[in-house]
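The values are calculated or read from the model by the stated rules, or taken from the named source; none is laboratory data. Since we're looking at a predicted model, the values are computed, not measured. We place every Cβ from the backbone using ideal geometry, glycine too, and count neighbours over all the protein chains shown.
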Amino acid sequence: MTLWKAYLDNGKTVELQDKIRKWLWGKDNEAKLNRRALQMLQYDLEQLFYSTLQENGIQAHQFLYDRENGCNRVTAIGSLEEMDAWIEETMGAVSRIMQDVSNLSGIREQTIYYIQTHLDEELNRIKVASALYLNPDYLDRRFKKEMGCSVNRYILREQVNMAKGLLLNPKISICEIASRCGYENMSNFSAMFKREVGISPNEYRKNGGMESPDL
C-alpha cells in the first residue's frame, strides 16, 4: 500500500490503476477475491485516496462518499467486474481533482464560475468550498493568492455589481433584486448595499446609478 500511495502522490494514477488491475485479475487472486476480500480492498483504497486528498486540501470524506458518481461503491464489492469499474471511475475522479488543485487558475476559474452561476443563492466561502470539495481555508488562501481578495469579498463584490445593474431597470422591484442577489431578507440586502455603495438601493435607483459623491 505504501508503494501505491507513492504512485498516487506523484500523480501516476494510470500506472497505479494498471498495477491494481493486474493484481485484481491475477491468476493467484481471481479465485480468492470473494465479497469479503473485495470489501477489504475497497476499504484500503479508500483510505489511500482519503489521506492523499486530505493532504492536498480536499474534503476527502465528502468527495469520496457524498458525491454523485457513475459506479456505486456499495455494489462494487459484488464482483471483480464491478470492482474494476469502481476503481477506474474513482481513480479518474481523484486524478482530475488533484490536477485541478495543483493548478491555481483552475481553482480560480471553478470558484468564479460557481459564484456567478449561484448568485441567487445564499453564498459564502464554506458553501463554495463544499461544492468544489475543498477545505474552506485552503480555498481562501489559493483564491486570494490569485485574485487578491477572499472568496467572501469576491461574492460581495459580484452581488453589488449585479444589484447595481438590476437597479437601473425600474420594472424590477428591489425585493426581487434582493432575491436575485441571494438575499431573502430585503432589509439585510439594503444594509449590505448601503454599506458597500454608500447609499441605499432606493437612492441609487433615484440617482440613475450615481453613487454618493463622497465616495
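Against the definition (out of contact with any Gly (no Cβ under 7 Å at 6 or more places or on another chain), surrounded by 13 or more Cβ atoms within 10 Å (Cβ to Cβ) and either among the β-branched types (Val, Ile, Thr) or not in a loop (DSSP other than H, G, I, E, B) (or both)), how does residue 114 come out, yes or no? Criteria met by residue 114.
Only one of the listed residues (154, 138) is part of a helix (DSSP H, G or I), more than 13 Å from the chain's Cα centre (by Cα) and aromatic (Phe, Trp, Tyr). That residue is 154. Answer yes or no as to whether residue 215 is at pLDDT below 95 and surrounded by fewer than 14 Cβ atoms within 10 Å (Cβ to Cβ). Spelling it out, residue 215 is indeed at pLDDT below 95 and surrounded by fewer than 14 Cβ atoms within 10 Å (Cβ to Cβ). Residue 102 meets all of the listed conditions (1) among the small types (Gly, Ala, Ser); (2) in contact with a Leu (Cβ under 6 Å, 6 or more places away or on another chain); (3) loosely packed, with under 15 Cβ neighbours inside 10 Å but one, namely (2). Scanning the range 79-99 for residues being charged (D, E, K, R) and crowded, with 19+ Cβ neighbours inside 10 Å gives a total of 0.
Selection over the range 34-56 of residues that are under 18 Å from residue 99 (Cβ atoms) and hydrophobic (A, V, I, L, M, F, W, C) gives a count of 3. Answer yes or no: is there a residue in the range 160-170 that is in contact with a Pro (Cβ under 7 Å, 6 or more places away or on another chain) and among the β-branched types (Val, Ile, Thr). No: the range 160-170 contains no residue that is in contact with a Pro (Cβ under 7 Å, 6 or more places away or on another chain) and among the β-branched types (Val, Ile, Thr). If only residues of the range 58-71 that are modelled with pLDDT under 80 and either surrounded by 13 or more Cβ atoms within 10 Å (Cβ to Cβ) or under 21 Å from residue 18 (Cβ atoms) (or both) are counted, the one that is farthest from the chain's Cα centre (by Cα) is 71. Here the condition is being surrounded by 16 or more Cβ atoms within 10 Å (Cβ to Cβ), assigned to a helix (DSSP H, G or I) and of a type in the set (A, V, I, L, M, F, W, C); of 107, 199, it holds for 107 alone. Evaluation of residue 54 against the conditions (1) touching a helix residue (DSSP H, G or I) at 6+ places or on another chain (Cβ under 9 Å); (2) free of Cβ contacts under 8 Å to residues at least 24 places away in the same chain; (3) outside any helix (DSSP H, G or I) shows that the sole unmet condition is (3).
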